[in-house]
Amino acid sequence: MRSTLSSAPAIRPGGEPAESPFTRRLIRLPAAYRAAFDAFEEYLADRVDLVGRRALIRTLDDLATCLEEAHAGGVSVRAFAGDDPAAVADALLANHADGPRAVSLRLDLARAIEAIERGAGARRVVTR
């Protein structure tokens, strides 16, 4: 699913395309950095149900800043994204993912690992 935050413009009343919050910042970057933003955004947008739209917007703002700084510092897109771009995206998202659903999922995972460690096996431990 393609996100609409930076690539496909939304339509304002009157039929005029709405500018994304990042368009002005990203337009100054080379195409590779803009494409990287779009790829990260698409990955992160799938997590909006877990963290909420505000956390996603803050994460994308951080991402735009990081890409701007990478470009200014001569860091390539590959060097920025590393061998595991999803880990980079998840780390950025974790800085803002404090919504109740995200906290609940973290607790569920921690409890499941603790249960496995206690010998309770791999059965699902959910406390909601």
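Residue-by-condition table, conditions (1) in contact with a Ser or Thr (Cβ under 6 Å, 6 or more places away or on another chain); (2) part of a helix (DSSP H, G or I); (3) at pLDDT 85 or above:
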site: 14; (1), (2), (3): no, no, no
site: 36; (1), (2), (3): no, yes, yes
site: 49; (1), (2), (3): no, yes, no
site: 62; (1), (2), (3): no, yes, yes
site: 80; (1), (2), (3): no, yes, yes
site: 86; (1), (2), (3): no, yes, yes
site: 96; (1), (2), (3): yes, no, no
site: 109; (1), (2), (3): no, yes, no
site: 126; (1), (2), (3): no, no, no
Select from segment 80-93 the residues that are out of contact with any Lys or Arg (no Cβ under 8 Å at 6 or more places or on another chain) and more than 16 Å from residue 31 (Cα to Cα) and list them in ascending order.
-> 82, 83, 84, 85, 86, 87, 88, 89, 90, 91, 92
Do the conditions hold for residue 114, that is, is it among the acidic types (Asp, Glu), assigned to a helix (DSSP H, G or I) and either modelled with pLDDT of 95 or more or farther than 25 Å from residue 24 by Cα (or both)?
-> yes
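The values are calculated or read from the model by the stated rules, or taken from the named source; none is laboratory data. The structure displayed is predicted, hence computed values, not measured ones. Cβ sites come from the backbone with ideal geometry, for glycine too, and all protein chains shown count toward neighbours.
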